[in-house]
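Participant: What follows is a single structure, and I will ask about it in a moment.
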Amino acid sequence: MKNVLDELREEGRVVSGLRVLDLGAGLGALSKELMVRGARVVSMEPGETWRSVLRRRLGQEPHEVAAGVGEHLPFADNTFDAILSLQVLEHVKEPAAVMREAIRVLKPGGWFYMVCENYLSFRENHYQVFWL
């Protein structure tokens with residue numbers, strides 16, 4: 001997660017002071033790193049078990065953990081300065097709906113950074129292993 005944010009910083013995308021949505025936060029590694037770098041983070045995850053892990057992991061930090069799916073984001077229009085989503089799009093039912101929703105909740109001038117699987121590659125990024 002640190003390397004992703006380092007690369008974004010090199011491109012002029014600094015998260016300090018921004019309201020950022022971690023879309024599909026998983027266990028919270030990206031959310032934690034965003035908070036370390038001064039972002040005001042909302043970690044969104046659909047599963048209650050994963051959200052409880054997020055709350056425990058990030059409990060000492062000021063943050064919000066939200067329930068929801070990418071196709072129907074539970075936020076008002078123009079809510080976030082930035083959205084980051086790593087290895088999520090391949091898990092959703094309607095990828096186009098997720099993209100529309102992300103654009104809807106971004107403030108004018110906001111940015112969306114997404115990484116998703118390339119199933120034609122030789123490496124699986126969830127578990128950092130080579131495909132057979």
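Participant: Among all residue pairs at least 6 apart or on different chains, which show Cβ distances below 9 Å where the first residue, located in region 4-25, is free of Cβ contacts under 8 Å to residues at least 12 places away in the same chain and of a type outside the set (Ser, Thr, Tyr) and the second is open to solvent by 80 Å² or more (accessible area, probe 1.4 Å) and assigned to a loop (DSSP other than H, G, I, E, B)?
Facilitator: Pairs found: GLU7/ARG13.
Participant: Just to be sure I understand the filter: pairs with C-beta atoms under 6 Å, separated by 6 or more residues or on different chains, first member in region 84-106 and more than 11 Å from LEU23 (Cβ to Cβ) and at pLDDT 95 or above, second member outside any strand (DSSP E or B) and open to solvent by 30 Å² or more (accessible area, probe 1.4 Å). Which pairs pass?
Facilitator: ARG104/ASP77
Participant: Within region 26-76, how many residues are in contact with a Pro (Cβ under 9 Å, 6 or more places away or on another chain) and in contact (Cβ under 8 Å) with a residue 40 or more places away in the chain?
Facilitator: Of the residues in that region, 1 qualify.
The values are calculated or read from the model by the stated rules, or taken from the named source; none is laboratory data. Remember, it's a predicted structure, so these values are computed and weren't measured experimentally. In this analysis, Cβ positions are derived from the backbone assuming ideal geometry, glycine residues included, and neighbour counts consider all displayed protein chains. For the accessible areas, the whole protein counts, side chains as well, though only heavy atoms, and no ligand, DNA or RNA atoms are used. Shrake-Rupley method; radii C 1.70, N 1.55, O 1.52, S 1.80 Å.
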